[in-house]
1. For segment 1-123, go through all pairs of different Cα atoms, get the mean of 1/r, take its inverse, and jot down that Kirkwood value in Å.
2. Arg96 to Val111: extension gain in nm, 0.36 nm per residue of separation minus the Cα-Cα distance?
3. If DNA, RNA and ligands are ignored and the probe is 1.4 Å, what is the ranking of Val29, Val160 by accessible area, most exposed first?
4. Hey, what angle do you get for helix 117-131 against the long axis of the chain, alpha-carbon based, 0 to 90 degrees rounded to 10?
5. Over all alpha-carbon pairs in segment 1-51, figure out the percentage whose distance exceeds 11 Å.
6. Enter the angle in degrees (range 0 to 90, nearest 10) between the Cα long axis of helix 240-274 and the first principal axis of the Cα atoms of the chain, meaning the one along which they spread out most.
7. Could you work out how far helix 187-206 tilts from the main Cα principal axis of the chain, as a 0 to 90 degree angle to the nearest 10?
8. Counting Lys and Arg as +1 and Asp and Glu as -1, each charge on the Cβ, what is the dipole of segment 140-275 about the Cα centre in debye, to the nearest 20?
Amino acid sequence: MIRRPWRLAAEISAVLIAVVVAFPLYWMVLSAFKPAGEIQSTDAKPWTFNPSLDSFRRVFEQQEFGRYFLNSLMVAGAVVLASALIAFLAATAVTRFRFKFRTTLLIMFLVAQMVPIEALTIPMFFLMRDLGQLNTLWSLILPHIAFSLPFAIWMLRGFVKAVPEALEEAAYIDGASRTRFLWQILFPLVFPGLVATSVFSFISTWNDFLFAKSFIISDTSQSTLPMALLVFFKPDENDWGGIMAGSTVMTIPVLIFFVLVQRRLVSGLGGAVKD
């Protein structure tokens with residue numbers, strides 16, 4: 001009875017925070033369905049009685065919008081798969097093996113997280129230029145893999161460390177090779193952690209604008225969805241309906257990804273907290 005008021009206050013606070021977080025998303029979707037007259041009106045209302053699909057029609061009528069969407073899927077999918085695989089192997093190595101400079105390597109992973117992406121954009125641009133990868137999807141895939149690995153390795157390290165070494169020894173006694181233990185025993189156990197890190201990799205890659213603007217210079221066929229929204233920003237007047245409709249379309253794959261991995265995500269984040 002004494003703790004109940006505090007619990008009620010915590011629940012009310014959680015609801016208020018959820019409303020504050022969800023309201024911009026609601027306004028985005030609402031603006032996407034509003035007619036142009038209501039969007040430009042100075043008397044903005046948080047509802048509409050005349051929903052319209054004109055904004056979505058303008059979005060899908062843009063040239064190569066489907067190709068931009070496919071490019072985003074290819075880049076995000078490649079980053080998620082590659083970073084998950086490399087992070088799993090690297091986390092296993094730094095956790096299960098003892099080698100020189102292991103602690104230094106782990107500290108470098110943390111330091112890499114502290115460097116702003118903006119500070120590395122220009123060096124990355126010259127690197128991509130020297131590799132001949134400007135105006136290609138590889139100029140987006142490689143940097144995102146590099147920036148997602150430190151967090152993924154550090155997070156997966158806790159999951160690998162939580163697996164008892166006795167389990168590994170028992171597998172070897174039963175005749176399992178190191179490769180079999182790695183993929184048939186250890187991999188399923190740390191899979192929730194892989195899902196959690198993959199969500200962060202997917203979101204950061206899917207919403208990327210900085211690299212897409214910096215590395216895709218002339219070949220617009222290699223652009224991604226965030227670049228497609230630039231069409232609706234005009235010198236005289238921005239097409240806010242098109243911007244909100246395009247943003248809504250961009251949000252749908254993220255929501256679908258969350259729905260597909262939500263159970264694994266919760267258990268993965270729970271495991272990270274326990275560690």
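The values are calculated or read from the model by the stated rules, or taken from the named source; none is laboratory data. Quick caveat: nothing in here was measured; it's all calculated off a predicted structure. As a convention, Cβ positions derive from the backbone with ideal geometry for all residues, glycine included, and neighbour counts pool all protein chains shown. In case anyone asks, the SASA skips ligands and DNA or RNA and just uses the protein heavy atoms, side chains included. Shrake-Rupley method; radii C 1.70, N 1.55, O 1.52, S 1.80 Å.
1. When all Cα pairs of segment 1-123 are included, the Kirkwood radius is 20.8 Å.
2. My answer for the length gained is 3.2 nm.
3. Ranked list, largest accessible area first: Val29, Val160.
4. 80
5. 73
6. Approximately 20 degrees, to the nearest 10.
7. Tilt of helix 187-206: around 30 degrees.
8. Around 300 debye, computed over segment 140-275.
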